[in-house]
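First up is the structure itself, then whatever we jot down about it.
Where a number appears in this text, it was derived from the coordinates with a stated rule and is not lab data. Note that this is a predicted model, so its numbers are computed, not measured. Every residue, glycine among them, receives a Cβ derived from its backbone with ideal geometry; neighbour counts consider all protein chains shown.
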Amino acid sequence: MLFLAGCTPPEPPAPLTEFPEVSALPERPELPPLFDSFNSKHVAKTAADWNDWRRPQLIALFDHYVYGARPPMVDVSSTRTASYDGLVPGARWEEWDLQLGGDARAVLHVAVIKPLSATGAPPVIVGLNKCGNQSLVADPRVRLTTSLVIPACGTSAAQTRGTQATLWPLERIIQRGFAVVTFHESDAAPDDDEKFATMLRASFRAPEGTPPRASWGTLSIWAWALAHVGAWTATETGLDSTRIAVFGHSRRGKAALLSGAVTNTFAAVIAHQSGTGGAALNRSAEGETIELINLAFPHWFDDVYPGFANAETKTPVDQHQLLALWAPRRVVLVDADEDRWADPDGAFAASVAAQPAWTLLGASTDLVSWQQRLGMHSVEPSDWELFLDALGW
Ligand code: GTR
């Protein structure tokens with residue numbers, strides 16, 4: 001950029017350290033802008049502006065007003081505890097313990113499922129599973145989760161073996177040349193308001209100065225754990241470090257979107273029917289409201305976000321900006337026409353409103369895709385064809 005002699009370039013806006021109370025925020029029926037600074041008259045006009053101050057500013061706003069701030073990333077040490085060839089046809093199933101930050105209580109039990117015959121390093125799907133690694137296949141060799149088994153999964157871990165197999169069609173994913181890296185969400189944080197303070201939250205603190213009410217909720221914890229597993233996958237598994245996508249359905253889609261929005265860990269996201277707190281706009285009239293999601297799941301977000309109940313137009317950030325934080329990487333959104341609770345149209349509108357961020361960074365807006373299939377809220381084996389096709393890997 002050229003500056004006239006005697007002129008100095010304008011200083012970038014200062015990082016956000018103070019956040020107005022919800023009651024002091026203005027009503028804004030239109031979507032918050034992608035590029036205008038929150039606390040000054042600056043407008044991001046270049047990739048450098050975006051990376052240097054606007055992206056960090058948006059992350060700070062999402063952290064404070066929606067999801068809660070996560071601790072800084074910590075070191076991961078890992079041990080392989082088992083390896084079985086052919087447990088999934090055509091694949092090696094490895095089990096790993098990942099210890100976060102040297103804390104013996106903070107261990108993620110990760111399953112790595114790799115194609116046995118691959119030309120070159122395979123691309124990877126990283127995702128949380130709902131009921132434990134043993135729920136993906138019926139084989140009794142898979143280690144049972146020792147974390148909470150939520151009632152929706154079964155009354156014991158053993159009872160859940162293979163129960164999530166249709167959601168994770170591993171044989172087909174392997175046939176298509178992809179590896180899968182997955183762990184049980186309860187290893188990071190149980191999806192339970194009363195047990196919310198356990199696991200990673202017991203071991204790690206939000207950054208110094210974070211008001212307790214703006215400290216990480218479950219989605220933020222899951223996102224933090226996913227980012228560690230993604231970074232570990234890139235360096236320790238021999239899989240393709242440049243083609244790692246994070247996947248999630250519904251609440252796990254919200255966490256997947258957040259995980260790569262606030263880090264550069266993943267090259268792509270597949271957010272399936274992610275709804276409110278995911279790809280759907282707060283300002284969209286359809287689907288789950290901020291009030292209802294916080295009543296049903298008080299542990300998912302921080303304690304500032306519920307303040308926007310029935311005041312959606314006051315949110316200083318909206319979900320098109322969460323998608324924009326992925327630029328210039330690939331965003332794959334899939335919804336279903338009868339799943340009105342997840343607000344497919346609100347996700348489509350967000351995907352369109354996010355696209356100028358790709359243009360600013362010199363990337364194609366084709367990297368942002370939204371598809372709608374027929375049917376309801378579920379993961380069908382055929383959905384995986386849509387996901388993997390859309391990645392284009
Ligand atoms: C619903 C919730 C949604 C979505 C969904 C799911 O009950 O209202 O936000 O997360 O659960 O995860 O399947």
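General remarks:
- Reduced Cα scattering model of region 76-391, Debye log10 I(q)/I(0), q = 0.09, 0.14, 0.16 Å⁻¹: -0.42, -1.09, -1.45
- Approximate shape of region 274-332 as ellipsoid semi-axes (Cα gyration tensor, √5λ), whole Å, largest first: 21, 12, 11
- Hz values of 3J(HN,Hα) by residue in region 72-77 - Karplus curve (6.51, -1.76, 1.60), Gly and Pro given as x: x, 5, 10, 6, 10, 10
- Taking every DSSP bridge with both residues inside the chain, close to 45 percent are antiparallel.
- For the pair residue 389 and residue 359 in one chain, pulling the backbone fully straight at 0.36 nm per residue adds 8.5 nm over the alpha carbon distance.
- Local electrostatic count, residue 314, Cβ distance below 9 Å [Lys/Arg +1, Asp/Glu -1]: -1
- Look at 105, 251, 55 and count the other Cβ atoms within 10 Å of each Cβ; fewest to most, that gives 105, 55, 251.
- Of 41/314; 195/254; 45/314; 114/195, pairs whose Cα-Cα distance is over 23 Å: 45/314; 114/195
- Computed helical MRE - 222 nm, the chain, DSSP H runs ≥ 4 contributing -39500 (n - 2.57), nearest 500: -6500 deg cm²/dmol
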